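Below: the structure, in structure tokens.
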Amino acid sequence: MTRIAYVPLGHRLAHMFEPLARQLVRLPPVRWLLTQVSRLGFSGKSLVISVPYVWLLLFFLVPFVIVLKISFAEQVVAQPPYTALLGWVDEKFLTLKLNIANYLFIVRDSLYWKAYLNSMKVAAISTLLCLLVGYPMAYGIARTSPAWRNVLLMLVILPFWTSFLLRVYAWIGILKNNGIINNILMSLGIIDSPIVMMQTPFAVYVGIVYSYLPFMVMPLYATLEKMDLTLLEAAYDLGCRPFKAFLRITLPLSIPGIVAGCMLVFIPAVGEFVIPELLGGPNTLMIGKVLWDEFFSNRAWPVASAVAIAILLLLVIPIMIFQHYQARDAEAGR
Amino acid sequence: MNEARRNDKYVPPWTDPKAEPYVRIEKVTKKFGDFVAVDDVSLNIYKNELFCLLGGSGCGKSTLLRMLAGFEQPTSGSIYLDGVDMAGIPPYNRPVNMMFQSYALFPHMSVEDNVAFGLKQERLAKNEVSKRVNDMLGLVQLAQFAKRKPHQLSGGQRQRVALARALVKQPKLLLLDEPLGALDKKLREQTQFELVNLQDRTGVTFVVVTHDQEEAMTLASRIGVMNQGRIVQVGTPTEIYEFPTTRFVADFIGSVNMFEGRIVDEDNDFVRIGAEDARCTIFINHGVAAAPNSTLWVAIRPEKVNISREPPPDASENCTTGIVQDIAYMGDVSIFNVKLDGGKVVKVTQPNLFRHAEETITWEDRVYLHWHPASGVVLLQ
């Protein structure tokens with residue numbers, strides 16, 4: 001529910017994650033699967049392409065149409081709690097009733113605007129923090145010896161082996177007033193009274209950065225790892241000091257990884273519900289939470305659907321514009 | 001430089017004992033763990049030279065080049081450039097530039113920006129940078145490609161961008177790692193001469209690493225042949241080809257027929273060598289400083305052997321006979337593999353002087369091979 005925004009440009013985003021996908025295809029189980037499929041007489045290419053399309057059709061497009069439909073309905077006390085769009089008049093004419101009141105409502109009520117802007121702010125800051133933490137990590141992993149590389153990559157992925165929810169709960173244990181951090185600081189005598197960290201924006205940022213860091217590290221690693229190191233030698237040779245060479249060569253060449261990583265973090269973070277709900281205070285205003293309340297507390301399905309569609313459009317349009325320009329640059333470049 | 005070379009009074013710096021070497025490599029050794037990549041190499045390179053380091057893969061030539069660039073530090077020994085000890089000076093502070101084998105062009109920058117990159121590091125004024133970049137692009141005939149990105153260029157154009165980028169900084173020393181390796185044959189031949197001309201016009205000292213002996217022969221003022229981390233011979237292309245000092249060099253540069261033998265008769269100005277596998281006595285018209293009865297080798301280049309169906313007038317020495325086993329017609333020359341009576345196969349090349357020769361030598365013919373007393377090179381090791 002909170003991750004609708006992922007999917008809209010599946011095929012367009014695909015090329016952004018190409019480095020990651022390339023790593024993935026190298027994995028033995030994936031290779032085995034591809035071999036088996038081709039033995040059955042399917043061309044690997046068409047099959048590989050069709051799978052995500054069928055997936056998108058079933059699990060994105062159909063639910064999306066349903067949500068879109070509900071967003072144009074009216075709220076009623078019934079089961080389901082909204083009116084049908086299509087109806088028969090005199091059992092002869094098919095009528096279509098579109099109700100745009102839900103959209104007008106969320107535009108007029110400042111709560112939605114504020115929640116939306118705040119979500120964007122939280123997601124943007126979290127993305128930036130993820131980038132600042134993730135870039136050195138990815139850089140370090142890409143530049144160590146191949147033996148260490150696998151160990152370090154493993155450590156990045158390791159948290160996925162436990163439940164996401166459990167990991168967020170664990171942060172409560174770390175951050176709360178009698179949690180691990182405060183207990184240690186107090187027993188060392190550094191502080192007298194516990195620092196309030198739980199139910200603050202700080203805790204939300206910690207939670208989001210922690211949870212989404214691997215999504216930033218992996219695409220960054222993939223671009224940094226395949227970079228030709230003789231380019232750096234060439235830069236040194238031309239009189240460029242190492243740090244400047246990083247800024248002029250490594251950083252620009254890792255932009256595709258940065259963009260992919262930022263999108264992977266930013267988009268789900270905008271709609272994030274669980275982390276602000278568990279770690280943030282009751283007045284943390286995020287669009288995912290507003291959506292939840294509309295759905296489950298108010299049973300206002302049409303309004304909630306309108307909110308969902310609005311988030312989606314507001315996220316998709318800038319990304320599509322960006323993609324358009326990037327595709328144009330890529331075409332001009334090649 | 002060319003003018004100077006044509007001048008009769010021109011004395012090559014390496015024959016002048018008073019000449020100060022520009023690059024002095026002194027007893028340089030480089031080890032990677034237990035592996036000795038460069039083994040106690042001493043070498044002098046003079047200003048304006050186009051020096052080629054020639055050797056097979058893994059002979060240490062690239063490691064030596066990387067030490068000159070500053071990417072590797074010698075395990076022991078020192079390198080002086082223009083009198084300055086280069087020890088501990090990082091690559092970005094050396095007046096040395098390198099053209100990489102892969103060219104290492106920055107893919108996100110235009111041709112212009114690639115060439116300007118080095119100058120911008122020197123914080124030169126903007127118009128100075130653009131003037132020098134334009135001049136350099138003109139010199140390598142790439143002015144109309146200034147705005148293109150590297151992937152929009154052909155291999156030959158990329159090679160010239162790499163060259164321009166390294167030359168534009170007017171380095172004291174330009175290092176080229178297999179500069180023509182990625183080009184196809186025709187382009188390579190053409191570029192060889194361009195490279196020599198460019199070196200003449202800019203007056204920069206070039207050190208070229210290559211595994212291609214033909215490339216080394218056409219480019220170099222002098223060649224240093226390397227094997228297993230050591231320099232085995234240094235000399236002009238002619239010296240290396242005509243007067244190799246070891247069997248390795250004779251064999252590595254061009255092709256050669258090698259006969260093993262012992263001295264049977266000698267004096268100050270001649271030597272006679274009994275060569276069992278050649279099935280004849282080889283007469284050499286100069287003396288040799290070898291212990292009597294020690295084993296030595298005579299190297300004879302295929303193009304210096306005459307082949308005929310009739311025995312030569314004097315068949316007592318420098319003459320042997322065999323059966324034609326293989327013929328390769330190359331257009332300009334033909335290569336004959338002649339099996340001597342003892343079983344050894346000798347390679348002979350003959351220019352095809354006539355479009356249609358009446359008495360062409362063909363397979364299974366019995367032929368006589370003979371050569372001039374000055375053609376054989378005596379090798380002691």
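The values are calculated or read from the model by the stated rules, or taken from the named source; none is laboratory data. What you see is a predicted model, and the numbers here were worked out from it, not measured in a lab. Note: ideal-geometry Cβ built from the backbone for every residue, glycine included; neighbour counts use all protein chains shown.
Things to note:
- Where B:GLY56 falls short, out of the listed (1) without any contact (Cβ under 8 Å) to a residue 24 or more places away in the chain; (2) away from chain A (no Cβ under 14 Å); (3) in a loop (DSSP other than H, G, I, E, B): (1)
- Going through (1) facing chain A (nearest Cβ under 9 Å); (2) touching a Pro at 6+ places or on another chain (Cβ under 7 Å); (3) within 25 Å of B:HIS211 (Cβ to Cβ); (4) outside any loop (DSSP other than H, G, I, E, B) one by one, B:HIS151 falls short only on (3).
- Filter result (within 33 Å of the chain's Cα centre (by Cα) and either surrounded by 12 or more Cβ atoms within 10 Å (Cβ to Cβ) or in a strand (DSSP E or B) (or both)) within segment A:97-107: A:ASN99, A:ALA101, A:ASN102, A:TYR103, A:PHE105, A:ILE106, A:VAL107
- Qualifying residue in segment B:77-87 (condition: within 14 Å of chain A (Cβ to nearest Cβ) and at pLDDT below 95): yes
- Set side by side, the residues B:LEU195, B:LEU183 differ, and just one is out of contact with any Pro (no Cβ under 8 Å at 6 or more places or on another chain), more than 14 Å from chain A (Cβ to nearest Cβ) and farther than 17 Å from A:LEU238 by Cβ, which is B:LEU183.
- Selection within segment B:348-366 - under 16 Å from B:GLU303 (Cβ atoms) and of a type in the set (A, V, I, L, M): B:VAL348, B:LEU353, B:ILE361
- Which numbered condition A:SER163 misses (of (1) touching a Lys or Arg at 6+ places or on another chain (Cβ under 7 Å); (2) surrounded by fewer than 19 Cβ atoms within 10 Å (Cβ to Cβ)): (1)
- Residue that is closer than 30 Å to B:ARG160 by Cβ and in the same structural domain as B:MET136 (by TED's automatic domain parsing), where the choices are B:VAL11, B:VAL36, B:VAL28, B:VAL111: B:VAL111
- Filtered residues of segment B:196-220 (kept if surrounded by fewer than 22 Cβ atoms within 10 Å (Cβ to Cβ) and either within 16 Å of the chain's Cα centre (by Cα) or under 17 Å from B:PRO21 (Cα atoms) (or both)): B:VAL196, B:GLY203, B:VAL204, B:HIS211, B:ASP212, B:GLN213, B:GLU214, B:MET217, B:THR218
- Residue within segment A:78-96 that is more than 23 Å from the chain's Cα centre (by Cα), assigned to a helix (DSSP H, G or I) and at pLDDT 80 or above present: no
Okay, residues lined up against (1) more than 25 Å from A:ARG248 (Cα to Cα); (2) among the polar types (S, T, N, Q):
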residue	(1), (2)
B:GLY33	yes, no
B:LEU43	yes, no
B:THR63	yes, yes
B:ASN97	no, yes
B:ALA104	no, no
B:HIS108	no, no
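- The criterion of at least 2 residues that are more than 18 Å from A:LEU20 (Cβ to Cβ) and away from chain B (no Cβ under 14 Å) is met, among helices (runs of 4 or more DSSP H) falling completely within segment A:195-305, by A:201-225, A:255-270, A:274-279, A:287-292.
- Filter result for the condition that a residue is modelled with pLDDT of 95 or more, under 30 Å from B:GLU72 (Cα atoms) and not basic (Lys, Arg), over A:LEU153, A:LEU231: A:LEU231
- Test result for B:LYS344, free of Cβ contacts under 8 Å to residues at least 60 places away in the same chain, surrounded by 11 or more Cβ atoms within 10 Å (Cβ to Cβ) and under 29 Å from B:GLN381 (Cβ atoms): no
- Complete set of residues in segment B:121-138 that are in a helix (DSSP H, G or I) and either within 14 Å of chain A (Cβ to nearest Cβ) or at pLDDT below 90 (or both): B:GLN121, B:VAL129, B:ARG132, B:VAL133, B:MET136
- Segment B:88-112, subset assigned to a helix (DSSP H, G or I) and within 13 Å of chain A (Cβ to nearest Cβ), residue nearest to B:ALA37 (Cα to Cα): B:PRO91
- B:VAL115 vs. criteria β-branched (Val, Ile, Thr), within 11 Å of another protein chain (Cβ to nearest Cβ) and farther than 24 Å from B:PHE145 by Cβ: no
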